[in-house]
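Here the structure comes first, spelled out in structure tokens, and everything after it is commentary.
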Amino acid sequence: QVQLVESGGGLVQAGGSLRLSCAASGRTFSTYTMGWFRRAPGKEREFVALISGSGRSTIYADSVKGRFTISRDNTKKTVVLQMNSLKLEDTAVYYCAAASGAATASQYNYNTWGQGTQVTVSS
């Protein structure tokens, strides 16, 4: 089983960029689908992006498509979420998550979660 630690959150102005990283431990990282989710104040946790174990397949929420890019390095056991053109509504706690095998955007597929990292977008 993997363990996950996110980093890279912070405060950024609207239109700016941030890069979130998720470091994983465990021997079978490449077999996990990795996802990013977020929870905005007063809202439910929502899907942001996922990447397959091989890295060949990605899926994005419509709200971030064209602005965010998910990638992974199975040698380094890391997953990165590059966030560009940030908007006020991107403010949230961002979570990295792992699902064994293939997975969808449903958070219920994911059984391992990081502690979260705060992203705040200001005007």
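The values are calculated or read from the model by the stated rules, or taken from the named source; none is laboratory data. Remember, it's a predicted structure, so these values are computed and weren't measured experimentally. Here the Cβ positions follow ideal geometry from the backbone for every residue, glycine too, while neighbour counts run over all protein chains shown. With ligands, DNA and RNA removed, areas are computed over all heavy atoms of the protein, side chains included. Shrake-Rupley method; radii C 1.70, N 1.55, O 1.52, S 1.80 Å.
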Practice problem: Give me a count of the residues in segment 2-37 that are open to solvent by less than 40 Å² (accessible area, probe 1.4 Å) and within 17 Å of the chain's Cα centre (by Cα). | Solution: 18
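This table checks each residue for (1) at pLDDT below 95; (2) small (G, A, S); (3) out of contact with any Pro (no Cβ under 6 Å at 6 or more places or on another chain).
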| site | (1), (2), (3) |
| --- | --- |
| G10 | no, yes, yes |
| S25 | yes, yes, yes |
| F29 | yes, no, yes |
| R56 | no, no, yes |
| I59 | no, no, yes |
| N74 | no, no, yes |
| N84 | no, no, yes |
| T91 | no, no, yes |
Quiz prompt | Candidate set: segment 72-91, residues that are over 23 Å from S30 (Cβ atoms) and of a type in the set (S, T, Y); chosen: the one most open to solvent (accessible area, probe 1.4 Å) | solution = S85
Exercise. Can you tell me which residue among S63, S57, S122 is farther than 25 Å from V12 by Cα and not β-branched (V, I, T)?
Key: S57
Quiz item: If you scan segment 34-61, which residues turn out to be in contact with a Phe, Trp or Tyr (Cβ under 9 Å, 6 or more places away or on another chain), over 19 Å from N111 (Cα atoms) and touching a residue at least 24 places away in the same chain (Cβ under 8 Å)?
Solution: A61
Practice problem: Please verify whether segment 92-110 includes one or more residues that are touching a helix residue (DSSP H, G or I) at 6+ places or on another chain (Cβ under 9 Å), in a strand (DSSP E or B), open to solvent by 20 Å² or more (accessible area, probe 1.4 Å) and more than 30 Å from S123 (Cα to Cα). | Solution: yes
Practice problem: Answer with yes or no whether S52 is closer than 28 Å to S123 by Cα and in contact with a strand residue (DSSP E or B) (Cβ under 7 Å, 6 or more places away or on another chain). | Solution: no
